[in-house]
Amino acid sequence: MAGSTIELRVGGMTCLDCARHITQALERVPGVSSARVNYRAGMAEVEVAQSVAPATLITAVERAGYKARVASAEAPVEPTAASPRAAPAEPNGELLLAAGDADFDLLIIGTGGAGAAAAIQAVGMGGKVAIIESGTLGGTCVNVGCIPSKNLIEAASHYQAATRGFPGIAPCSPTLDWSGVVESKNSLVTKLRQSKYADVIASYPGVALIEGRARFVGGGNGSPVVVTVGKEDRGQTYRARKVLIATGTRSWAPPLPGLDAVGALDSTSAMKLTELPASLLVLGGGAVGLELGQTFARFGVKVTIVEVAARLLPLEDESVSAEIEEHLRADGLEIHTGTEAIRAERQRDDVVLHAKQGSLEGTFCAESLLVAAGRRANTDNLGLDAVGVALTSRGFIEVDATMRTSNADIFSAGDVTGGPGYVYVAADGGRVAAENAMKSLALTGTSRDDARELDLSTVPNVTFTSPQVGSVGLTEAKARELGHHVQVAVLKMDQVPRALVSGDTRGIVKMVADTASGKLLGIHAVAPVAGELMGEAAMAIRFGLTARDVAGTLHPYLTWAESLKLAAQGFTMDLSKLSCCA
Ligand SMILES: Cc1cc2nc3c(=O)[nH]c(=O)nc-3n(C[C@H](O)[C@H](O)[C@H](O)COP(=O)(O)OP(=O)(O)OC[C@H]3O[C@@H](n4cnc5c(N)ncnc54)[C@H](O)[C@@H]3O)c2cc1C
């Protein structure tokens with residue numbers, strides 16, 4: 001039977017987004033050619049190109065988290081073998097969800113950036129979704145990562161600005177209420193956890209939130225995956241068609257003799273300190289160690305960074321590492337790179353860290369020790385063996401570019417897969433995984449159902465020190481190692497009008513371009529707001545722009561972003577010979 005219209009009365013829609021979700025859910029039903037959904041009228045008009053059971057449409061709407069019933073059908077349509085997900089009508093006219101032998105289409109383990117984004121994606125595609133959390137709702141970023149750390153960094157920068165003043169404005173000694181700073185940070189975290197996670201998840205009726213620790217029992221590779229949640233012997237068991245592992249990472253400490261006994265801090269406990277220590281040793285010169293180390297230093301703590309690699313932020317361009325080291329030292333931090341910690345001990349009230357630098361051995365001493373030496377995947381006690389999910393040599397979950405693990409029905413995304421440890425990468429991975437999981441449930445394959453791949457070809461990096469460090473693309477050394485003939489332009493921030501008026505000329509912008517094609521290969525910045533430049537920088541690298549393209553694009557005068565244009569001009573001209581904004 002071809003070309004008929006079925007009208008559904010849909011309950012629970014409140015906005016255009018609801019209408020969009022329902023449209024997507026209906027248009028994914030095989031045989032549906034188009035759907036028009038009006039949320040104000042509470043109606044959906046569904047054009048079907050072939051015979052489709054109304055019950056199938058209703059199931060699709062219910063899976064998207066809304067209620068539906070048939071308002072009218074232009075011509076009678078019969079259930080067909082092509083729509084086996086059609087749900088049988090109950091005697092009272094309500095319809096059962098055709099969940100088959102599974103409780104959920106997608107079961108997500110972890111409510112962090114990856115898990116939450118995946119849940120929204122899957123429910124938008126008509127999935128019946130559950131999301132499990134064993135710790136605090138929202139995961140690392142909102143609770144113990146991005147949000148609290150950036151809030152403390154902001155507080156430290158206001159405190160320091162007051163102590164430094166501005167030409168014509170006398171510096172002062174502001175009264176520091178550290179516990180007030182921590183309380184304000186805690187209340188921001190609570191507010192954002194509620195508004196960005198709890199309220200958002202609750203606004204999707206198609207997503208069930210389950211509390212408890214998840215563990216695989218078995219299944220997958222063609223049969224439903226079985227997961228228990230809660231205590232091992234008394235857990236609740238769920239069956240899911242697809243599962244997403246988004247369990248994140250936790251702080252890791254190197255196996256250093258004596259470390260357990262000294263009561264070292266990690267990033268989470270450091271941000272909860274109720275009193276500031278007089279001095280702090282930071283083990284690790286990566287992003288977390290530098291951000292928190294500088295924050296404490298700005299609040300008056302004597303901070304020493306100990307880093308085993310030859311330079312800070314060892315994955316960044318060498319010039320960037322040198323530049324940021326200079327500015328951190330100017331902020332009062334003591335920095336020891338190429339220095340390996342070998343043992344820790346407590347002597348009276350202090351922590352003593354024994355370390356060696358080449359053939360030299362020595363000790364560092366401080367009131368507290370913060371270990372910021374990396375993170376490890378949360379894969380323990382997940383029962384991965386029961387479902388044959390393989391790990392990489394570094395203990396992360398192995399996935400292909402479509403986020404599928406070695407079990408065809410289990411996907412994974414976010415930090416637990418060992419990719420770049422940023423929440424925007426985690427969220428994108430979660431979306432890709434959920435989209436692919438839902439597509440793989442489709443009854444008939446279309447070109448739209450091809451698995452999507454996570455594109456990590458252009459990942460912007462930001463370290464929120466002051467000045468900030470931002471980079472995207474290849475470092476100069478990496479570009480040369482890959483065989484490119486490169487041209488390099490380095491702009492000092494004292495050439496940037498915005499930096500001059502702001503009285504903050506710290507930093508550089510460095511661009512690396514391929515000599516033959518002129519295409520930009522890498523953009524690296526140390527600047528007060530380098531992070532804000534990385535959106536444009538990522539677009540330039542991702543879409544293969546040349547330095548000429550960037551230099552020839554109008555950039556508003558007296559913005560920090562103008563530094564990108566000036567750096568690009570630096571390939572062909574002497575910037576000191578340019579007039580203002582030329
Ligand atoms: C101090 C710090 C600062 C950071 N700053 C930034 C920043 O400025 N910008 C940025 O982009 N990124 C930042 N990050 C990184 C960012 O926080 C992470 O990349 C991101 O949160 C990872 O998200 P995820 O979903 O993969 O994992 P997570 O957010 O860690 O979520 C995993 C969740 O799974 C739960 N879980 C684990 N095992 C189980 C189980 N068996 N059953 C049920 N639930 C389970 C955990 O409780 C957790 O809630 C920072 C990280 C730290 C530590």
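The values are calculated or read from the model by the stated rules, or taken from the named source; none is laboratory data. Model, not experiment: these values are computed from the prediction. Cβ sites come from the backbone with ideal geometry, for glycine too, and all protein chains shown count toward neighbours. These area figures cover heavy atoms from the full protein model, side chains too; ligands, DNA and RNA do not enter into them. Shrake-Rupley method; radii C 1.70, N 1.55, O 1.52, S 1.80 Å.
Could you grab me the full set of residues in the stretch 302-322 that are farther than 22 Å from ALA253 by Cα, open to solvent by less than 10 Å² (accessible area, probe 1.4 Å) and not in a helix (DSSP H, G or I)? Matches in the stretch 302-322: ASP317 only. For GLU291, the conditions (1) among the charged types (D, E, K, R); (2) under 23 Å from THR475 (Cβ atoms); (3) within 16 Å of the ligand (Cβ to nearest atom); (4) open to solvent by 20 Å² or more (accessible area, probe 1.4 Å) all hold with the exception of (4). Of the residues making up the stretch 114-133, those that are hydrophobic (A, V, I, L, M, F, W, C) and near the ligand (Cβ under 7 Å from one of its atoms) are ALA114, ILE132. Could you check, for the stretch 412-428, whether at least one of its residues is open to solvent by less than 20 Å² (accessible area, probe 1.4 Å), in a strand (DSSP E or B), within 13 Å of the ligand (Cβ to nearest atom) and not aliphatic (A, V, I, L, M)? For the stretch 412-428, residues open to solvent by less than 20 Å² (accessible area, probe 1.4 Å), in a strand (DSSP E or B), within 13 Å of the ligand (Cβ to nearest atom) and not aliphatic (A, V, I, L, M): present. If the condition is being more than 24 Å from the chain's Cα centre (by Cα), open to solvent by 80 Å² or more (accessible area, probe 1.4 Å) and of a type outside the set (S, T, N, Q), then the stretch 210-264 contributes LYS231, GLU232, ASP233, ARG234, ARG239, PRO255, ASP260, ALA261. Can you say whether ASP455 is acidic (Asp, Glu), within 12 Å of the ligand (Cβ to nearest atom) and modelled with pLDDT of 95 or more, as far as the supplied structure shows? No. Each residue in the stretch 265-288 was checked for being on the phi < 0 side of the Ramachandran plot and open to solvent by less than 20 Å² (accessible area, probe 1.4 Å), and 9 of them qualify.
Among the candidates TYR204, TYR197, the residue that is within 12 Å of the ligand (Cβ to nearest atom) and surrounded by 12 or more Cβ atoms within 10 Å (Cβ to Cβ) is uniquely TYR197.
Can you confirm whether ARG548 is farther than 22 Å from LEU328 by Cβ, touching a residue at least 24 places away in the same chain (Cβ under 8 Å) and assigned to a helix (DSSP H, G or I)? Taking the combined requirement at face value, the residue satisfies it. Checking each residue in the stretch 531-545 for being buried (at least 16 other Cβ atoms within 10 Å of the Cβ) and in a loop (DSSP other than H, G, I, E, B) picks out only LEU545. With respect to the stated conditions, THR111 is at pLDDT 95 or above, within 7 Å of the ligand (Cβ to nearest atom), open to solvent by less than 10 Å² (accessible area, probe 1.4 Å) and outside any helix (DSSP H, G or I).
Residue-wise test of (1) part of a helix (DSSP H, G or I); (2) closer than 23 Å to ALA287 by Cβ; (3) touching a Gly at 6+ places or on another chain (Cβ under 8 Å).
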site	(1), (2), (3)
ILE342	no, no, no
GLU345	no, no, yes
GLU361	no, no, no
ALA408	no, no, yes
ARG431	yes, no, no
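For the stretch 367-377, the criterion of being in contact (Cβ under 8 Å) with a residue 12 or more places away in the chain, within 16 Å of the ligand (Cβ to nearest atom) and among the charged types (D, E, K, R) is met by at least one residue. Please specify each residue of the stretch 150-181 satisfying the condition of being open to solvent by 40 Å² or more (accessible area, probe 1.4 Å), in a helix (DSSP H, G or I), away from the ligand (no atom under 15 Å from the Cβ) and not aliphatic (A, V, I, L, M). HIS158, TYR159, THR163, ARG164, SER179 - these are the residues of the stretch 150-181 that are open to solvent by 40 Å² or more (accessible area, probe 1.4 Å), in a helix (DSSP H, G or I), away from the ligand (no atom under 15 Å from the Cβ) and not aliphatic (A, V, I, L, M).
Yes/no matrix, rows are residues, columns are (1) small (Gly, Ala, Ser); (2) open to solvent by 20 Å² or more (accessible area, probe 1.4 Å); (3) over 30 Å from PHE296 (Cβ atoms):
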position: VAL351; (1), (2), (3): no, no, no
position: SER368; (1), (2), (3): yes, yes, no
position: ASN381; (1), (2), (3): no, yes, yes
position: LEU384; (1), (2), (3): no, no, yes
position: GLU398; (1), (2), (3): no, yes, yes
position: ILE410; (1), (2), (3): no, no, yes
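Of all residue pairs spaced 6 or more apart or on separate chains, those with beta-carbon atoms under 9 Å, a first member in the stretch 46-66 that is assigned to a strand (DSSP E or B) and a second member that is charged (D, E, K, R) are VAL46/GLU7; VAL46/GLU27; VAL46/ARG36; GLU47/ARG36. If I filter the stretch 465-479 for residues that are modelled with pLDDT of 95 or more, open to solvent by 30 Å² or more (accessible area, probe 1.4 Å), among the polar types (S, T, N, Q) and more than 30 Å from ALA155 (Cβ to Cβ), do I get at least one hit? No: zero hits. Note on the stretch 386-396: among residues that are in a loop (DSSP other than H, G, I, E, B) and touching a Gly at 6+ places or on another chain (Cβ under 7 Å), the one that is surrounded by the fewest Cβ atoms within 10 Å (Cβ to Cβ) is ARG394. Would you mind stating whether LEU97 is more than 16 Å from the ligand (Cβ to nearest atom), open to solvent by 30 Å² or more (accessible area, probe 1.4 Å) and modelled with pLDDT under 95? Answer is yes for this residue.
Here is a yes/no grid of residues against (1) under 23 Å from the mean Cα position of the chain (by Cα); (2) closer than 22 Å to GLU453 by Cα:
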{"residue": "LEU369", "(1), (2)": "no, no"}
{"residue": "ASN378", "(1), (2)": "yes, no"}
{"residue": "ASN381", "(1), (2)": "no, no"}
{"residue": "VAL389", "(1), (2)": "yes, yes"}
{"residue": "ARG394", "(1), (2)": "yes, no"}
{"residue": "GLU398", "(1), (2)": "yes, yes"}
{"residue": "THR402", "(1), (2)": "yes, yes"}
{"residue": "THR405", "(1), (2)": "yes, yes"}
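Just need a number here: residues in the stretch 182-191 that are open to solvent by 40 Å² or more (accessible area, probe 1.4 Å) and not polar (S, T, N, Q). Residues in the stretch 182-191 being open to solvent by 40 Å² or more (accessible area, probe 1.4 Å) and not polar (S, T, N, Q): 3 in total.
Name the pairs whose Cβ atoms lie under 7 Å apart, with the first residue in the stretch 134-149 and closer than 21 Å to VAL181 by Cβ and more than 6 Å from the ligand (Cβ to nearest atom), the second open to solvent by 50 Å² or more (accessible area, probe 1.4 Å) and assigned to a loop (DSSP other than H, G, I, E, B), and 6 or more positions between them or separate chains? From the stretch 134-149, the pairs are ASN143/THR136. Residues in the stretch 499-529 that are among the small types (Gly, Ala, Ser) and assigned to a loop (DSSP other than H, G, I, E, B) were compared, and the one that is most open to solvent (accessible area, probe 1.4 Å) is ALA516.
Matching residues to (1) in contact with a Leu (Cβ under 9 Å, 6 or more places away or on another chain); (2) within 10 Å of the ligand (Cβ to nearest atom):
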residue: GLY218; (1), (2): no, no
residue: SER223; (1), (2): no, no
residue: ASP233; (1), (2): no, no
residue: VAL243; (1), (2): yes, no
residue: ALA246; (1), (2): no, yes
residue: THR249; (1), (2): no, yes
residue: LEU256; (1), (2): yes, no
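Restricted to the stretch 449-464, and to residues there that are among the charged types (D, E, K, R) and open to solvent by 70 Å² or more (accessible area, probe 1.4 Å), the residue that is farthest from SER502 (Cα to Cα) is ASP450.
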